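The values are calculated or read from the model by the stated rules, or taken from the named source; none is laboratory data. Here the structure is a predicted model, which is why all the values come from computation and not from measurement. Counting neighbours? That spans all protein chains shown, and the Cβs are built from the backbone with ideal geometry, glycine included. These area figures cover heavy atoms from the full protein model, side chains too; ligands, DNA and RNA do not enter into them. Shrake-Rupley method; radii C 1.70, N 1.55, O 1.52, S 1.80 Å.
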Amino acid sequence: MKKATFSIRRGGRETAEMVDYQTEISEGMVVLDAVHQIQAESAPDLACRWNCKAGKCGSCSAEINGMPKLMCMTRLDTIPLDQPVTIEPIRAFPPIKDLIADVSWNYEVKKRIKKFKPRAPDAEDGTWRMSQEDVDRVQEFRKCIECFLCQDVCHVLRDHNKHEEFIGPRFLVYAAALEMHPLDTEDRTGDLKDMHGIGYCNITKCCTKVCPEHITITDNAIIPLKERVVDEYYDPLKRLVRLFRKK
Amino acid sequence: MTDYPTFEHDVIVIGAGGAGLRAAIEASGAGVSVGLICKSLLGKAHTVMAEGGMAAAMGHNDDRDNWKVHFSDTMRGGQYVNNWRMAELHAKEAPDRVRELESWGAVFDRTKDGRINQRNFGGHRYPRLAHVGDRTGLELIRTLQDHGIHQGIEVYMEVTVLSLLKDGDRVIGCLAYEREHGRFRIYKAKAVILATGGIGRAYKITSNSWEGTGDGHALAYDAGAELIDMEFIQFHPTGMVWPPSVRGILVTEGVRGEGGILRNSEGKRFMFDDIPDNYKDQTSDTEEEGWRYVTGDKNARRPPELLTRDHVARCIMREVKAGRGSPHGGVYLDIAWIKEKIKDAPEHIKKKLPSMYHQFKQLANLDITTTPMEVGPTTHYVMGGIRVNADTQESTVPGLFAAGECAAGINGANRLGGNSLSDLIVFGKRAGEHAAIFAKENGHGTLDNAAIEQAAKAALEPFERDGGENPYTIQHDLQEMMQANVGIVRQHDEMVEALNGLDALKSRAARTFVPGNIDFNPGWHTALDLHNLLVVSEAIARAAIERKESRGGHFREDFPGKDPEFAKFNYSLKKSEGGGMEISKIPIPEMPDYLKEVIEEMG
């Protein structure tokens, strides 16, 4: 059997080192299998998150050879094994232990986004009618598995640490799913501009590239939201109208 | 006096999948304070893996559907050992629960006239599954999560419950530990709801994540509650079989609902070979009729691929055993063939089954729009679980409620696909509602510090030994044994052997050793999970030995036929005063006339 070496971050919030582990490789293995094997063979206390092992829950996000990926969907035959494979936690958030990052910030951010507010049911049976065409674009956004890989690669969060001012691509997609929901009546444009920092995004599309669900984050979610903000707040005619309204 | 941090709520919900979230929402809506304990991060529970949809007789795609048909389908699928009252409530209430999800923001696939679209599934007479492509579970959990976070529910993520705390007969909270620092915590509650899901990790080949270790089953059992129907395990007919690392991962029944067919290595569509008598007049006899059914012809009968899961799984086993399997020990599931019937087949498949397309493309390097998949049975779901009152979901222990997969009754001997997600929201709601009522009527209990100290001390033992057994190895050996001895095809001697094996594993589990410290230590967690896995495995084996017949998810090679005598009761397992597991028969109460009439009317 072929063996490969994995260089894995071991350590807590403050200090850590990269430790090498060797394990046997079999056909079809993914990175998460290697981590599990290492846990069972030589490092029972190696911490990693995982659940579904099928790319559906978004728990096992990590940086594999520096690339943000889901460990469960990264086949070993797609990465070079002649040198150690590095596995590290996602870096846009503080590490907790080994491969685990503290993603609690994301859960706090979500609460700050105004919730779904449907219009009153208007079909005879007390529900609504929506055509498939009208829900297609929202369904794209709702595929999100909250793996936070998009947050991880976003330079506004990763390099500039604007966690206080910017909600990141995941929550712009979340806001877009609400804003473009055919039944929703809430207006989040003001919040997007002021509280959620949509202006920070300069459309480098790194988030779109890493999305394991292939959501067209930048083009389909962020840019249309930016356009709404521009229409609402920077359209000269509307500004004039608002000026008079205020009086 | 223990000085562990103590959290007080009126209602504590253990488990944050569909049932737990729905229960928490209902209880907090009733005005009580709710704490929700998740083993993982919020929104990652196994519910996300549910693919096909949730069954609710809304009749959008076929107006002949109604609660009566759904009820009779569920009873027939469960081979009439279901709790009929649960099956009735479920069939009647599921449509409202689905519509409620829509009002909370869920975006289901639509019919042409703009209503929620419903798809065909095994054992359901009419198209009944509200769905979102093949990621319905994600839609369910996200909708509940995003609705729930605005309800004032306190969420405790990455916290594992070790034992339930009692005051006399009544459950008054739980002892738990938080993963990051490994510290113990006490949760005090006037009522506790278990919504911990399944037991799949007791088996080697499973669709379940690491979390499916039967926690709620074992917590309830240790607290004195009864478990019923534990012999009924659902082996889903279509799990991935190749490559080895993905063995067991689910391939949705939706593939067959969209026209996918099963073939053996000779290219034969073998499901036509064996159609059970009680499904003969509902099942098509020709391939042509089967296709008409999946494309919406109301006069056509369903193809045999859409027979119940227990039956399809056994037919696949039969083909493999007879040497007509695929190279890696499965059979072929082919959706690509529909290109003979429709023009834009590859696009259609990607649209209807996007996550299946990606799953096979990425994990098996296989394009399902051109190539048949290799599939075989995988441990998927436990019909058995905590015995509950159908209306209130209260267990046989006061103050302890259960909902979802860890509760039993609705499914009988076999669950129909799609009945699980609807079970979560129907009975999650009921559990939340009645736990809140219980909490309003009862105060907090008094903690038993000695019991808490004892449980905490026991939990830390794996660190205190000077060397010992690797918990991962014990888990692995348990899974191998359960797969081999109490799997899809069972017989007496092998199961008795399993009971002996379990005794040996129990003593090994008492000698585990875990290196490292208590901070986020999966080895420690695995050691602690062993107790739960051993309890459920023993319950499964004991009940399976007693049921000397074959019914639904329980198949005995030595008793291959169905015996009407065994239709009269459920097996119940309970901790005896001496600490051993006690099995008894609980007679199934007679069905009221109006339900009997429904069964008769539906044929």
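The table that follows gives values for the structure above.
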{"quantity": "Boolean, A:Lys114 is at the interface with chain B (Cβ under 8 Å from one of its Cβ atoms), modelled with pLDDT of 95 or more and open to solvent by 40 Å² or more (accessible area, probe 1.4 Å)", "calculated": "no"}
{"quantity": "Test result for A:Thr74, without any contact (Cβ under 8 Å) to a residue 12 or more places away in the chain and either over 30 Å from A:Ile198 (Cα atoms) or more than 9 Å from chain B (Cβ to nearest Cβ) (or both)", "calculated": "no"}
{"quantity": "Residues that are out of contact with any Cys (no Cβ under 6 Å at 6 or more places or on another chain) and not in a loop (DSSP other than H, G, I, E, B), drawn from segment A:185-209", "calculated": "A:Thr189, A:Gly190, A:Asp191, A:Leu192, A:Lys193, A:Asp194, A:Ile198, A:Gly199, A:Tyr200, A:Cys206, A:Thr208, A:Lys209"}
{"quantity": "When residues of segment B:487-509 are limited to those that are touching a residue at least 40 places away in the same chain (Cβ under 8 Å) and open to solvent by 10 Å² or more (accessible area, probe 1.4 Å), the one nearest to B:Pro471 (Cα to Cα)", "calculated": "B:Ala509"}
{"quantity": "Residue list for segment B:184-212, restricted to those being assigned to a strand (DSSP E or B) and open to solvent by less than 10 Å² (accessible area, probe 1.4 Å)", "calculated": "B:Ile186, B:Tyr187, B:Ala189, B:Ala191, B:Val192, B:Ile193, B:Leu194"}
{"quantity": "Within segment B:120-159, considering residues that are part of a strand (DSSP E or B) and surrounded by 24 or more Cβ atoms within 10 Å (Cβ to Cβ), the one farthest from the other protein chains (Cβ to nearest Cβ)", "calculated": "B:Leu129"}
{"quantity": "Odd one out for B:Leu262 among (1) in a loop (DSSP other than H, G, I, E, B); (2) open to solvent by less than 10 Å² (accessible area, probe 1.4 Å); (3) in contact with a Phe, Trp or Tyr (Cβ under 9 Å, 6 or more places away or on another chain); (4) not charged (D, E, K, R)", "calculated": "(1)"}
{"quantity": "Residue under evaluation A:Ser61, criteria (1) facing chain B (nearest Cβ under 10 Å); (2) of a type in the set (S, T, N, Q); (3) touching a residue at least 60 places away in the same chain (Cβ under 8 Å), criterion not met", "calculated": "(1)"}
{"quantity": "Condition met for B:Val69 (in contact (Cβ under 8 Å) with a residue 60 or more places away in the chain, open to solvent by less than 20 Å² (accessible area, probe 1.4 Å), touching a His at 6+ places or on another chain (Cβ under 7 Å) and away from chain A (no Cβ under 14 Å))", "calculated": "no"}
{"quantity": "Test: residue in segment B:354-366 that is in contact with a Cys (Cβ under 9 Å, 6 or more places away or on another chain) and either free of Cβ contacts under 8 Å to residues at least 24 places away in the same chain or surrounded by fewer than 24 Cβ atoms within 10 Å (Cβ to Cβ) (or both)", "calculated": "yes"}
{"quantity": "Count - residues of segment B:102-113 that are of a type outside the set (D, E, K, R) and either in contact with a Phe, Trp or Tyr (Cβ under 8 Å, 6 or more places away or on another chain) or open to solvent by 10 Å² or more (accessible area, probe 1.4 Å) (or both)", "calculated": "4"}
{"quantity": "Test for B:Met230: is it in a helix (DSSP H, G or I) and buried (at least 24 other Cβ atoms within 10 Å of the Cβ)", "calculated": "no"}
{"quantity": "Single condition B:Asp519 does not satisfy, out of (1) open to solvent by less than 30 Å² (accessible area, probe 1.4 Å); (2) within 14 Å of another protein chain (Cβ to nearest Cβ)", "calculated": "(1)"}
{"quantity": "Some residue of segment A:125-141 being more than 8 Å from chain B (Cβ to nearest Cβ), surrounded by 13 or more Cβ atoms within 10 Å (Cβ to Cβ), touching a Ser or Thr at 6+ places or on another chain (Cβ under 8 Å) and modelled with pLDDT of 95 or more", "calculated": "yes"}
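One line per residue, one yes/no per condition, for (1) surrounded by fewer than 22 Cβ atoms within 10 Å (Cβ to Cβ); (2) on the phi < 0 side of the Ramachandran plot:
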site	(1), (2)
A:Ala47	no, yes
A:Ala62	no, yes
A:Gly66	yes, no
A:Cys72	no, yes
A:Asp82	yes, yes
A:Val85	yes, yes
A:Leu99	no, yes
A:Asp102	yes, yes
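Residues are listed down the side, and each one gets a yes or a no for (1) more than 14 Å from chain A (Cβ to nearest Cβ); (2) at pLDDT 95 or above; (3) in a helix (DSSP H, G or I):
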{"position": "B:Thr526", "(1), (2), (3)": "no, yes, yes"}
{"position": "B:Leu530", "(1), (2), (3)": "no, yes, yes"}
{"position": "B:Ser537", "(1), (2), (3)": "yes, yes, yes"}
{"position": "B:Ile540", "(1), (2), (3)": "yes, yes, yes"}
{"position": "B:Ala543", "(1), (2), (3)": "yes, yes, yes"}
{"position": "B:Glu549", "(1), (2), (3)": "yes, yes, no"}
{"position": "B:Asp558", "(1), (2), (3)": "yes, yes, no"}
{"position": "B:Ala567", "(1), (2), (3)": "yes, yes, yes"}
{"position": "B:Ser572", "(1), (2), (3)": "yes, yes, no"}
